[in-house]
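Worksheet for the structure shown next.
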Amino acid sequence: MRSVITLMLAMLAMVAVVEGFRALPPNAANSGGFSLRSSSLWAKKKSGKITPNEGESMEEYRKSILNIIKESTPDDRKLGGREILNLLISKWGAAYDLQIRVNAPFGEESANVYINVMWQYFGQKSFRMEEREYLEHLEAIGRYVTSIDRVGDFRGAIMESRKRPNAYFGYAVPIPLNVKPATADKFFKELEYD
């Protein structure tokens, strides 16, 4: 969410700069006699009109920006490989490997599927996948999480996790999906590979 807001603010700053250059007289860059105070941008700023749309109040402008941010929130029904990659990087600052694991501490009845965020990350010399393989791997995991309808839980568990993968101790961060292992078996048998 912070990255969306930062992006929107950067876009607004670029619009203001472009509008400032549009307000320049055609030969102002060559004449050297341009004064910001004489430009129409200064007049707009002085009059309190700093919104890009002419005649729009600041309150209307704020509401339109908030609506754009609300519309760009992630869909809790679908998850793709690039979204997982962005989620990992925004949380831990690295493109960590993900592995699906089944944990059955008290037999088959207590079995649960976990996605482990491993300590290896893309860009490491010892990382076992090329870029395309890694993105396809994340895409397959995203499709699996989408098929079992656990997208919101998965995103929430990553964002709320206080743990961090640790290579020194070989520590992975487990993300529980709370589904039976048969769902993973069925999904990956039916998955079409290119």
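Laboratory data are not the source of any read-out in this text; all were calculated from the coordinates shown. Quick caveat, the model's predicted, so the values are computed rather than measured. Neighbour counts are summed over all protein chains in view; Cβ atoms, including those assigned to glycine, are modelled from backbone coordinates with ideal geometry.
Charge tally for TRP92 (other residues, Cβ to Cβ under 11 Å; Lys, Arg +1; Asp, Glu -1): +3.
So which trypsin sites (Lys or Arg not before Pro) in the range 69-162 are both in a DSSP loop and have at most 12 other Cβ atoms within 10 Å of their Cβ?
Working: sites: LYS70, ARG77, LYS78, ARG82, LYS91, ARG101, LYS125, ARG128, ARG132, ARG143, ARG150, ARG155, ARG162; in loops: ARG77, LYS78, LYS125, ARG128, ARG150, ARG162.
Sites meeting the loop and neighbour criteria: ARG77, LYS78, LYS125, ARG128, ARG162.
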